[in-house]
Amino acid sequence: MELMRKNIKWIFFSICVIAVVVIFFGIVKYEKGALPIDAWTIDIVLNVLRTDWLTVILKGITFFGEAKLLIPIGLLGSIIGFFFFKDNKRTLCFAGNLIFIAGINWGIKHVIQRPRPDESLRLVTEDGFSYPSGHAMVTTAFYGLIIFFVYNNVENKLLKNLICIGLSLLIVLIDFSRVYLGVHYLSDVLSGTLISIAYLIVATTFTKKYLFRN
């Protein structure tokens, strides 16, 4: 039990990797179309969840995963960290994190080349390939790194918990919005999130051990 507790993050890492592999082979099996869980989710969204008021809310929430918002935030955060706090290490991590995960997402999309759900299902316009969800990958990595920094640097426990829980909830809502708006399958979103979680486990372990060990 003690050994498991000490290695819980690597157990979680393994679960994420295995789940992504299972989803990938499912996509191959169904020739890049909808998996059973995707079809079931689409049915629930179309026949149960979609309402005018919820559509307006989720269109707003999905904006928090848009590149046109995250890139300026990333740049501003890097500038503030570099010039005002003289924190070169965290600035490098913050900027490099966004660039790296966006590049990985682009690469996987163009290797897999899974088409998006049918246009008749979409409530917003999106181009490009579907797998894995760019919003899911980038927001999980972007906000996830912020959670990591907040958790390890904010001393006020209440404030720390509020920020971490709030950002975690935002990630979940952005993920859900992509399926709800019909621009991604559930399997796209799950894989994107799990890939970034696995990446963050490795990246934050490295930064704590080598960059911020003091």
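Return the tail of the calculated pair distribution for the chain, meaning the percent of Cα-Cα pairs more than 26 Å apart. Please report the intermediate quantities before stating the final value.
On the way: 8761 of 22791 pairs.
The proportion of pairs with Cα distances above 26 Å equals 38 percent.
Against the longest principal axis of the chain, how steep is helix 186-206, in degrees 0 to 90 to the nearest 10, with axes from Cα atoms?
Between the helix axis and the principal axis of the chain, the angle is about 10 degrees.
How far is helix 88-112 tilted off the main Cα axis of the chain, in degrees rounded to 10, range 0 to 90?
With both axes taken from Cα atoms, the answer is about 20 degrees.
Expressed as an acute angle from 0 to 90° and rounded to the nearest 10, what is the orientation of the C-alpha long axis of helix 8-29 relative to the principal long axis of the chain?
20
Ordered by residue, what ³J(HN,Hα) values in Hz, to whole numbers, does segment 156-166 give under the Karplus form 6.51 cos²θ - 1.76 cosθ + 1.60, where θ = phi - 60° and Gly and Pro are x?
Coupling constants for segment 156-166: 5, 5, 5, 4, 4, 5, 4, 5, 5, 5, x Hz.
For the cross-link pairs 29/109; 32/109; 59/160, which exceed 20 Å when the distance is taken from alpha carbon to alpha carbon?
On the way: 29/109 17 Å; 32/109 12 Å; 59/160 28 Å.
Distance filter (> 20 Å) returns 59/160.
Which residue, 165, 121, 69, has the largest displacement toward the positive end of the dipole of the chain when charges sit on each Cβ (Lys, Arg +1; Asp, Glu -1)?
Going by the charge dipole, the pick is 165.
Since every read-out is calculated from the coordinates, none of them should be taken as a lab result. Quantities reported herein were computed from a predicted structural model and do not represent experimental measurements. A quick note on method: Cβ atoms are made from the backbone with ideal geometry, for glycine too, and the neighbour counts reach across all protein chains shown.
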